[in-house]
1. Listing 105, 18 from the residue with the fewest other Cβ atoms within 10 Å to the one with the most, what is the order?
2. Between residue 74 and residue 50, what is the label-point separation in nm under the 7 Å Cα-to-beta-carbon projection?
3. Taking the beta-carbon count within 10 Å as an exposure proxy, list 150, 265 from fewest neighbours to most.
4. Between 190, 110, 23, find the one with the highest GNM mean-square fluctuation for the chain; connect C-alpha pairs within less than 10 Å.
5. Tell me the label only: which of (1) 95, 39, 32; (2) 54, 43, 39; (3) 70, 42, 36 is Cα extents along the principal axes in Å as calculated from this structure?
6. Please work out the Cα center distance from the range 116-193 to the range 52-66, rounded to the nearest Å.
7. Which of 181, 80, 172 moves most in a GNM of the chain, Cα contacts under 10 Å?
8. Using DSSP, restrict attention to beta bridges with both residues in the chain and report what percent are antiparallel, rounded to the nearest 5.
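Computed from the coordinates by the stated procedures, all read-outs in this text should not be read as laboratory data. Keep in mind the model is a prediction, meaning the values are calculated, not measured. Backbone-built Cβ (ideal geometry, glycine too); neighbour counts: all protein chains shown.
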């Protein structure tokens, strides 16, 4: 039987890396798509210790750059006849960031990486997913949106360039967009063999060493919060479940928590006028 293939973006650390280990152990071929070649190679070696080196492949991609995503798509088409699962795990959320960072393609990087990039990648490799008997697209959102019930997509300024930039608002807006995109995608794919679902990730322990500019008082706060946060390996179990379980092979357009349970979408999130407006806006960004 032909080995199944799972692509995970941002899998050089954290939940993505732990998910790669779990899925590779199920005899999937796991492609870890990372921005940093050095970190990617280290992750490749680490993951191989738990499975085998022939179970893992490394691709380099910067999800903030459409040109880089197009190169990834070209490479995947040259080397793979199909892809069974894609997990859009890569995301930017640097809590020390004070100002917007604009990519060399002219787009604010949080909006580009966390939302535009996944939409473009899906469009470019949808043909490979259609060649799978059970293609699965998995987006990643955040439980933190529950604390922001009035957050909406800024359709006039989604990159938040014309107001005081707030990295938290930028991040959660992008995660809101991914939920709405998932609902749109599940409807678009209703007559295909591909499902689209989203995962609601709660507070997960982070490695504060990744943020050398983080003030000491914030480091203390995060260390305290980590006592009550989920481990990356535990959260990865839900990534694994949505990617490989036969229980969800025909389920699409749903939102799952860290206990593999379906949770409800918010009223704004599932409003179809809002969803269509978002996707029209998104299409304007894609070259």
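1. In increasing order of surrounding Cβ atoms, one gets 105, 18.
2. Result: 3.3 nm between the two label points.
3. 150, 265
4. 190
5. Given (1) 95, 39, 32; (2) 54, 43, 39; (3) 70, 42, 36, the structure-derived one carries the label (2).
6. The two parts, judged by their Cα centres, are 21 Å apart.
7. With Cα springs under 10 Å in the chain, the top fluctuation among 181, 80, 172 is at 80.
8. For the chain, the DSSP antiparallel bridge percentage is about 10.
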